[in-house]
Structures are given as structure tokens and as C-alpha cells.
Amino acid sequence: MTTTPPAAAGGSGQAVAGQQSATVLVVEDEPAIATAIAQRLSAEGWRVEVARDGLSGVDAAARLQPDAVVLDVMLPGIDGLEVTRRIQADRPVPILMLTARDDETDMLVGLGVGADDYMTKPFSMRELVARVKALLRRVERANQVAVATPTDPPIVMGDVVIDRAQRRVHRAGEEVHLTPTEFELLVMLASSPKTVLTRERLLAEVWDWADASGTRTVDSHIKALRRKLGADLIRTVHGVGYAFEPPAG
Ligand code: CA
């Protein structure tokens, strides 16, 4: 099912597309939920396509090159975890994953699944739109940064090298593969070493959220960064937030 609003006619799906002409892929097997999401997102002026199972979702992502993906975790065939792996292996695209429970979100981030944001069912459509908008803003911002500052010097601290121009990270000479969200979170923390950044500030700067209802998202992504880069780099300041601790040497 494809719904193309008039605003999107004449071209979309480009990486640098503005929000009005963005393409959003929805992978959801529950017909009523899929239709409701598609209608609500189309009303924002985005081009929306729905896939009803995991394999169709992977195919649609390859064909459409969407600007963002809304992905249910429980799907017939291959599940949302495998869909995320396959989509991200092809090309990085921001993914908002729909989960059944809060602890499922923790579990998925712990596994390093690679979605950028998580939302637990049931959710409000208003919240969904806000989250997708935030994802698309971040894509635009990342593109603008990439164009504007191609020679941004790498951040080098101890054995950690963060190449902002190439968006690549190495620790002790080994490349560490981060999702776009994990990368932005790391850059934010490492840009102010030994400084405590509150969850609210991280949410505002990295996720572009105005409210602090998603603190679990921050904690989950910090866990993922620690697992990939080493637990020593990020210090928890209980009840406040997180600080980057430059490694010795
Ligand atoms: Ca489902």
C-alpha cells in the first residue's frame, strides 16, 4: 500500500530531502495499526509505504531508500531484530522500533539491535509523529553537518578516535560500528569530557526531544555504547546523567 500526498509529488526519498518530502516505511503486520500509522504519517505530508511482514520490509527498504523506518518488533517471518540488521547492513537509516513492553526495549538495546529509538505499545499517534519528526530532523542535521564541515578534525582521546567527517569510531585501532544515534550520543559526550550531561540535555540535543519522557532511551543507548566501546568510557552520575571519561594513554 502506498499513499503519496500531493506535497510529496515529483520526487522524494533523497537523503537530503526536507521533512515535507520524506519517505517513511512502516513495517507492521497488524492491519488496523498499520493503516492508522500510515494515515497519520501521510497527513504530515510524507510519502508512506507499508510492509506487512519482515521480508517485505527488507525488500521495501532496499527499493524505497526511505528516510526513516517505523518497525514493529513482532512480525511474521523474520522479526524486527533481523529486519533491522538487514536494513542497516545495506545502508544506515534511522529506525523507530515498536515494542510490546518497556523491558523489551532494554533487552533489544542490550542486544545491540541498532534501532535509533523505541516506543512501547500502546502509544499515541501524536507521540509517534513527534518521534518520526525528530528522526527526520536528525537525518537532515547530520547531512548538513556532513556538507558544512567535511574537514571537522577527529576527536582523539587516549585510544579512542572519533572521526566526525567520516562518522567512524576506532578504539585501540579497531573500528567500532555504531548506529547513527550511538554516534551522535558519543560525539556529544566526548565533546565535553569529564562534564556531566543530564539525560534531559542528551535527549534534547541528540534525540531532539523537547520533553523528558524518554529517559529510558538514553540509558539504553548508553548501555549499548559501553558494550561496544568499553564500560570505562562513560561514567554514570546517579540521578543526574552521564560523563565521558577520557581513557589514559
Ligand atoms: Ca506485530
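Could you grab me the full set of residues in segment 155-183 that are aliphatic (A, V, I, L, M), under 14 Å from ALA224 (Cβ atoms) and modelled with pLDDT under 90?
LEU178
Checking VAL169 against (1) surrounded by 22 or more Cβ atoms within 10 Å (Cβ to Cβ); (2) assigned by TED's automatic domain parsing to the domain that holds ALA43; (3) within 21 Å of TRP207 (Cβ to Cβ): exactly one of these is not met. Which one?
(2)
Restricted to segment 32-86, and to residues that are more than 21 Å from LEU128 (Cα to Cα) and of a type in the set (Val, Ile, Thr), which residue is nearest to the ligand (Cβ to nearest atom)?
ILE78
Checking the structure you have, find out if any residue of segment 195-216 is farther than 25 Å from ASP103 by Cα and touching a residue at least 24 places away in the same chain (Cβ under 8 Å).
Yes: segment 195-216 contains one or more residues that are farther than 25 Å from ASP103 by Cα and touching a residue at least 24 places away in the same chain (Cβ under 8 Å).
Which members of segment 87-107 meet the condition of being in contact with a Gly (Cβ under 8 Å, 6 or more places away or on another chain) and away from the ligand (no atom under 12 Å from the Cβ)?
ILE87, GLN88, ILE95
Can you find a residue in segment 205-224 that is more than 14 Å from the chain's Cα centre (by Cα), at pLDDT 90 or above and more than 30 Å from GLY45 (Cα to Cα)?
no
The values are calculated or read from the model by the stated rules, or taken from the named source; none is laboratory data. Predicted, not measured: the structure shown is a model, and the values here were computed from it. With ideal geometry, Cβ positions are generated from the backbone for all residues, glycine too; neighbour counts draw on all protein chains shown.
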